[in-house]
Every structure is written in structure tokens, then in C-alpha cells.
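Have a look at the structure below, then the notes.
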Amino acid sequence: MKFKNFKFGEDLQEGLNIMGFYEPTPIQKEAIPTIQKNLDLIACAQTGTGKTAAFVLPILDKINKSKIKNKVNTIIVAPTRELAKQIDYQIEGFAYFTNSTSYPIYGGGDGIEFDNQKKALIKGVDIIICTPGRLLAHLDFNYFDTSYVKHLVLDEADRMLDMGFYDDIMKIVKSLPLNRQNLLFSATMPTKIRQLANKILKNPKTINIALSKPADGLIQKAFMVYDNQKIKLITQILKQNFKNLNSILIFASSIKMVKEIHRTLKKEKIYSSEMHSGLKQEVREETIRDFKHKKNKILIATDILSRGIDIKEIKLVINYEVPNDAEDYIHRIGRTARASEKGEAITFINPKQIKKFMQIEKLMDKVVPKLDLPKGFKSGPKYMLMKKKRKFKI
């Protein structure tokens, strides 16, 4: 199944193509058609399964096809400001070629931030991503119209209940039109979540999705490194494996980093190609074609290449940085060890990414071996969470 099977509008589909979204994840396959049919939904899915895109994409598509603009169409409620900002960031990416707008509404900060949120609500915005308390604070002033709200999304609902937001959620629900679609996402499905769903949702479809697992033939390894050790390490790994492997794929998290790795390897007389959204479509297609036919042995790419591209005989994948979540990690390393073949995936972890990689290991239910750096390297960081330094007032 491909994303084009969902028949999204051209503007939205163009954004997906440029971002490298070709094949939906399991939760996207099940949730998107349900949301397109305007049915209520309760979905049990871990962070890292692609759940945000599962509700954002069909909602964006409906907004784009609607004649009503600049009215609050969708309210997404999240437990923390960090998650609200993250969802808003993803919406901006998906909606890049559309006219849809979004704005994060969360607490903290100063009065200026509250005023900016107020201005956005009064001016009109299609999607707001809110923490419960801050949303209620704005609702109390009655300066934005909720009568156009068609979608209510509760993301990480179990976490919100654990944080004591049940009463806030019910107040929000009572302030919205009855004729709306309700979508509830939760990492777990305890009794209290089912009770909440029974009060809010109408004849919902239930989806339960486990995180994808890496292929059996895949060997995963990791190195603990400081950023200034990465180039030397990747150069050494590539020189050791270049003759033995047909194709090597390196993932980096930004176009800037792809270019930097490409330039540095060229100085070491290790020749590679680039793949990212900054290239024209015809250049990307030619690069993929050359890589498939072994004209280019090493390809450095952003996540545009992590989904939906089937290239045989990739024996080594290197993550130059830890991906954002477990699903991205699975997709990246899944480019090797395909069709019962053997393959190897190596990830570089710097001190700031330890917590992120620990979360990936937890969701995979697997500890990835951490290798010692080769001879000639100074010691890398330890694989442990750093304690925050306490600040003392004098």
C-alpha cells in the first residue's frame, strides 16, 4: 500500500513525496481510512509508530478540501508543551504546500506569549495544538469561536490522565460542538482510558498497533562518540568495508550534515553521492538509479530515503546521528537485511542522544551492543544519563 492510495489532494501529496513518505506505517494504514470516513477512533500505539501523521494527514486533507478557512477546525490536546511543539513542527512540514495553518497553545513563558496565542486565535487558524490548562485559559475569555470545530484529538491520553488532567479534558469537551469527530491516542489501554473513551467517543473503531521489529538477519551495533570523533570513525569504517560491501547507506538528520559528510569523505578520497529534498526530482531519480546499479557505492541521505525505497544488497547502514524516534530508526536500518538477507546497522550516539536511544531500545525491547572505539581514538562518552546540575542561589 502507498500513500497515494489514500487519494490526498495534490498539494498534500506533493509534500509527502518531497519528505520521502511513500509507504504508510501499520497505524497509518488502519487509522487514515477510519478518519477519512469521519468515524471516531481509539488507538493504542507507542510513540514512534507514526501515529502523529496518522491523524494529521487525513485532517489536513479534509481542511484543504473544505471551503471554510481561518476558523479553528481541529483541536489537538497534548500533555506537555514539548509534545505540542513537536506536533506543530510536523504539521508545518506536511502542510508546506497547502494553505493550512496551525499554532501551538501552551503554558509557561511570559505575557507576550499568551498575547501572541490570543492574536492567532482571534485572527483565525485551522489547527491548534494545546496543553489542557492553557486551552481552558483561552476558552474562559470567549474570544475565539469553537462552533467550527470538526475534530478533537487527544494525544497521549493515558499520560494526560496520569498528570491529573481528567477534569480539564471534560471541560474542554463540553465547550465544543456535539457534531465533531473524536480521536483518542494512547500508549496503553487501562480501564480509565476506556472509561474516558466511553464518555467522549461515539461507536469508535479500536486499533491496537505494536512497534515494527527489525529483520532477524540484521546485526545492530552502536558507538558512543563525541561529535568531533564521528568523521574519523566513519572514514575508518568505510575504508575497512569498502572492498567487501556492494552498497553502503549513511543517514544524517539534515541536508547540511549530508553535505558536510560528503565533502569530508571526498577529501579522504572516499567517493559518495548525496540524496535529500534540496535536489531536483530528476537528480534524485538519477542518483537512486546509479546507486541501485552500483555506479555509486556509498549514498549519504536524509530520511527522504528511509521509507518506501527498495534497494537490494545494501549490507551496511550507518546512522550518523540517532533518529528522532523508534519508527524512523526501524525504517532506516530496515534498508538492509531485506528478503532474508544478512545486514549490519551501526549508530553513532553522542551524549545528548543517549536518552533518545534508550527510548528506542525500550520500544524495540532490545539492547543494542555498544562497541569500543578503535585503537587511536580517545575514549568516548559513557552510555548513561547525565544528572542535571543543580543551581544554587547565592
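The values are calculated or read from the model by the stated rules, or taken from the named source; none is laboratory data. The structure displayed is predicted, hence computed values, not measured ones. Here Cβ is always computed from backbone atoms with ideal geometry, including for glycine, and neighbour counts include all displayed protein chains.
So the check is Cβ under 8 Å with 6+ separation or different chains; which pairs have a first residue in the stretch 246-271 that's within 18 Å of ASN228 (Cβ to Cβ) and in the same structural domain as ILE346 (by TED's automatic domain parsing) and a second one that's acidic (Asp, Glu) and part of a loop (DSSP other than H, G, I, E, B)? Close Cβ pairs satisfying both conditions: ALA252/GLU321; SER253/GLU321; MET257/GLU321. Reported count of residues in the stretch 228-282, each being among the polar types (S, T, N, Q) and assigned to a helix (DSSP H, G or I), is 8. Restricting to the stretch 359-379, what's the tally of residues that are within 23 Å of the chain's Cα centre (by Cα), of a type in the set (Asp, Glu) and in a loop (DSSP other than H, G, I, E, B)? Residues flagged as within 23 Å of the chain's Cα centre (by Cα), of a type in the set (Asp, Glu) and in a loop (DSSP other than H, G, I, E, B) within the stretch 359-379 amount to 1. For the stretch 314-358, filtering for residues that are part of a loop (DSSP other than H, G, I, E, B), touching a helix residue (DSSP H, G or I) at 6+ places or on another chain (Cβ under 9 Å) and among the charged types (D, E, K, R) leaves 3. Within the stretch 186-234, the residues that satisfy the criterion of being within 30 Å of ARG338 (Cβ to Cβ) and among the small types (Gly, Ala, Ser) are ALA187, ALA210, SER212, ALA215, GLY217, ALA222. I'd like to know if the stretch 157-176 contains one or more residues that are of a type in the set (A, V, I, L, M), surrounded by fewer than 16 Cβ atoms within 10 Å (Cβ to Cβ) and under 19 Å from PHE55 (Cα atoms). No.
Yes or no, residue by residue, for (1) in a helix (DSSP H, G or I); (2) closer than 18 Å to ALA95 by Cβ; (3) β-branched (Val, Ile, Thr); (4) assigned by TED's automatic domain parsing to the domain that holds ASN142:
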position: ALA31; (1), (2), (3), (4): yes, no, no, yes
position: ILE35; (1), (2), (3), (4): yes, yes, yes, yes
position: SER66; (1), (2), (3), (4): no, yes, no, yes
position: ILE76; (1), (2), (3), (4): no, yes, yes, yes
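If the condition is being closer than 16 Å to LEU233 by Cβ and either loosely packed, with under 12 Cβ neighbours inside 10 Å or not small (Gly, Ala, Ser) (or both), then the stretch 329-349 contributes GLU344, ILE346, THR347, PHE348, ILE349. Tell me, please, whether a residue that is buried (at least 20 other Cβ atoms within 10 Å of the Cβ) and under 24 Å from ALA31 (Cβ atoms) can be found in the stretch 141-148. Within the stretch 141-148, not a single residue is buried (at least 20 other Cβ atoms within 10 Å of the Cβ) and under 24 Å from ALA31 (Cβ atoms). For the stretch 74-94, a residue qualifies if it is touching a Ser or Thr at 6+ places or on another chain (Cβ under 7 Å), touching a residue at least 40 places away in the same chain (Cβ under 8 Å) and either among the polar types (S, T, N, Q) or over 24 Å from PRO177 (Cα atoms) (or both), and the qualifying residues are THR80, ARG81.
Using the structure shown, decide if PRO104 is surrounded by 19 or more Cβ atoms within 10 Å (Cβ to Cβ), over 14 Å from CYS130 (Cα atoms) and not basic (Lys, Arg). No, not satisfied.
Residues in the stretch 6-22 that are over 21 Å from LEU279 (Cα atoms) and in a loop (DSSP other than H, G, I, E, B): LYS7, PHE8, GLY9.
Filter the stretch 161-175 for residues that are assigned to a loop (DSSP other than H, G, I, E, B) and over 29 Å from the mean Cα position of the chain (by Cα) and give the result.
Just the residues of the stretch 161-175 that are assigned to a loop (DSSP other than H, G, I, E, B), to begin with: 163-165, 175.
Within the stretch 161-175, just SER175 meets the criteria.
Here ASN198 clears all of (1) outside the structural domain of GLY20 (by TED's automatic domain parsing); (2) part of a helix (DSSP H, G or I) except the condition numbered (1).
In the set LYS312, LYS352, LYS294, only one residue is basic (Lys, Arg), in contact (Cβ under 8 Å) with a residue 24 or more places away in the chain, surrounded by fewer than 18 Cβ atoms within 10 Å (Cβ to Cβ) and farther than 20 Å from HIS262 by Cβ; that residue is LYS312.
Residues that are over 19 Å from MET163 (Cβ atoms) and small (Gly, Ala, Ser) were ranked within the stretch 46-89; the one that is surrounded by the most Cβ atoms within 10 Å (Cβ to Cβ) is ALA54.
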